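Some notes on the structure that comes next.
The values are calculated or read from the model by the stated rules, or taken from the named source; none is laboratory data. Every value quoted in this text rests on a predicted model; they were computed, and no experiment measured them. Cβ coordinates were reconstructed from backbone atoms using ideal geometry, including for glycine residues, and neighbour counts include every protein chain displayed. Heavy atoms of the whole protein, side chains included, go into the accessibility calculation; ligands, DNA and RNA do not. Shrake-Rupley method; radii C 1.70, N 1.55, O 1.52, S 1.80 Å.
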Amino acid sequence: MALFPPRPSRQQAADLPMPPANIPAPVAASATVTRDDLARVHDLADRVRQHFAQGLVAQTKLRESLITTLVAGGHILIESVPGLAKTTAAQILATSVSGSFKRIQCTPDLMPSDLVGTQIFDFATQKMSTQIGPIHANFVLLDEINRSSAKTQSAMLEAMAEGATTIGGERIALPKPFMVIATQNPIEEEGTYNLPEAQMDRFFMKTVMTYPAEADEISMLELLTNRGTDQQAMSVSPTAITIADVEFLRASARKVHVSQPIMKYAVELAQTSRGGGPRPIKGLSNLVRLGASPRASIALVRIGQANALLAGRDYVIPEDIKTFAHEVFRHRILLTFEALAENVNADQVIDSMIEAVPVP
């Protein structure tokens, strides 16, 4: 028995009926961002920012970092002392989109199965059934991620890197879009596990929050007293954008033009952190023991595309790269003990890098 039917002869092929002429040919998707696309992006971004204004005072940098990372299709790590609205900001972003949201409080006894799910025996069917874990959501808040053990962090890394989890040998894809918003407290070190470099590198950005100004703190108290409750409402906003809108934003960001000089600028910034680049920084090896990986230049370009799109442009300029350079490099540069002893931080090194690399 033949596996495939025999190919028709030339005469038989000529006798086959032709497809109707009124069926339109498939139209290729536009490879550029149109003016209508930019107008839709502006409307969607405004709706998300308006939702932030209802529950978050000031913290403009954090808001823009979250929105830009969402559009770029990456993950974000937020670091600050307790009480600066890290969790609130993550919840506001999640409720501004009509997608699923899960919050996971990381503790030392959190197991990988608590995160990704497990298999249980169903006595009714006499079969194993798969129970998926809370990481199977569009938006996942990993609160105090550095309190989870190395085994649990490895499960997080698989989800962030591959967009899927493995339960009982079965590979289960995560929903799209998928975004991890992780927080960590830099003050309390007892009972914490430093994130491995491979996992730190998976975050597009690391943003550091500082204390609010006096006027902003007063505005925060006014918001709380007018609202009548200290709890952030977890219901999805009536003006929330849809999952399809998020996919549109991400697809549009990938169409934003990146010129060769902009790509070269991003690469030179990454190379400078490794001691190279067009103008190597003298004495950098005494301060930096490990520079940024090529993922840094990838993240720079992706973040630059998203920032340009949100600014209403279909092309990237150097300012798009510089705007979030600190957030992209901050967690990818490992300092030497000498630098730490001299109170040199990563942001100071990044300042030197931006100053050293010529802008195209």
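Over the stretch 28-135, what per residue volume does the convex hull of the Cα atoms give, in whole Å³? Display every interim value, and only then the final one.
Details: hull volume 20.6 nm³, N = 108.
Considering the Cα atoms of the stretch 28-135, their hull volume per residue is 191 Å³.
Match the structure shown to one of the listed values [x] 0.97; [y] 1.14; [z] 1.06 of Rg/Rh (Cα atoms, Kirkwood Rh), computed from it, and give that label. Only one option fits the structure, namely [z].
Farthest toward the positive end of the dipole of the chain, out of Ala341, Val288, Leu300, is the Cα of Leu300, where the dipole comes from beta carbon charges about the Cα centre.
How big is the stretch 98-152 by the Kirkwood estimate over distinct Cα pairs, in Å?
Working: mean 1/r = 0.0805 Å⁻¹.
Averaging 1/r across every pair of different Cα atoms and inverting gives 12.4 Å.
Projecting the Cα atoms of Leu157, Gly83, Ala124 onto the charge dipole of the stretch 80-158 (Cβ charges, centred on the Cα centre) puts Gly83 farthest toward the positive pole. Each 5 Å bin from 0 upward holds the following percent of the Cα-Cα pairs of the stretch 66-204: 2, 10, 20, 23, 20, 13, 7, 3, 2, 1. Charge dipole (Cα centre; +1 on Lys/Arg Cβ, -1 on Asp/Glu Cβ; no other charges) of the stretch 153-220 amounts to roughly 460 debye.
Across the cross-link table entries Lys282/Lys322; Lys61/Lys255; Lys86/Lys127; Lys61/Lys264; Lys255/Lys282; Lys61/Lys176, which are compared at the Cα atoms, the separations over 30 Å belong to Lys86/Lys127; Lys255/Lys282.
The charge dipole of the chain, taken about its Cα centre with unit charges on the Cβ of Lys, Arg, Asp and Glu (plus for the first two, minus for the last two), comes to roughly 1340 debye.
Each principal axis of the stretch 307-354 carries a Cα extent, and these read 44, 16, 10 Å when sorted largest first. Surface composition of the chain: carbon and sulfur atoms hold 56% of the protein heavy-atom accessible area at a 1.4 Å probe.
Largest first, what is the accessible-area ranking of Arg254, Arg227 with a 1.4 Å probe? All intermediate terms of the calculation are to be shown ahead of the outcome.
Numbers: Arg254 125, Arg227 85 Å².
So the residues, ranked largest to smallest area, are Arg254, Arg227.
What does the charge add up to near Leu66, with Lys and Arg as +1, Asp and Glu as -1, over the other residues with Cβ less than 12 Å from its Cβ? With Lys, Arg at +1 and Asp, Glu at -1, the neighbours total +2.
Length gain on complete extension for the stretch Ala341 to Met128, per 0.36 nm per residue less the alpha carbon to alpha carbon distance? Intermediate results must be reported in sequence, preceding the final value.
Details: separation 213, 0.36 × 213 = 76.68 nm, distance 5.48 nm.
Gain on stretching Ala341 to Met128: 71.2 nm.
Given all pairs of different Cα atoms, what value in angstroms does the Kirkwood hydrodynamic radius of the stretch 153-227 take? Walk me through the intermediate numbers first.
Values: mean 1/r = 0.0626 Å⁻¹.
Radius from the Kirkwood sum: 16.0 Å.
Net charge near Ile243, counting Lys/Arg +1 and Asp/Glu -1 over other residues with Cβ under 13 Å of its Cβ? With Lys, Arg at +1 and Asp, Glu at -1, the neighbours total 0.
Ala311 sits among other residues whose Cβ lies under 14 Å from its own Cβ, and their net charge, with Lys and Arg +1 and Asp and Glu -1, is -3.
Contact order for the chain, expressed relative to its length and based on alpha carbon pairs under 8 Å spaced 6+ residues apart, stands at 21 percent.
Please list log₁₀ I(q)/I(0) at q = 0.11, 0.16, 0.22 Å⁻¹ for the stretch 271-336, using the Debye equation with identical point scatterers on the alpha-carbon positions. So the normalised log intensities are -0.30, -0.57, -0.90. The relative contact order of the stretch 49-208 comes to 32 percent, based on Cα pairs under 8 Å that sit 6 or more residues apart.
If only the Cβ of Lys and Arg carry +1 and only the Cβ of Asp and Glu carry -1, the dipole of the stretch 317-360 around its Cα centre is close to 140 debye. Ordering of 340-349, 58-67 by packing is 58-67, 340-349, highest average first (other Cβ atoms within 10 Å, averaged per residue).
Can you give the calculated 222 nm mean residue ellipticity of the chain, where each DSSP H run of n ≥ 4 adds -39,500 (n - 2.57) and the sum is split over every residue, rounded to the nearest 500 deg cm²/dmol?
Working: 15 runs with 155 residues, N = 360.
So the helix-based figure for the chain works out to -13000 deg cm²/dmol.
Quick one: pull the percentage of alpha-carbon pairs in the stretch 199-347 with a separation above 19 Å.
Values: 7242 of 11026 pairs.
When all Cα pairs of the stretch 199-347 are counted, 66 percent exceed 19 Å.
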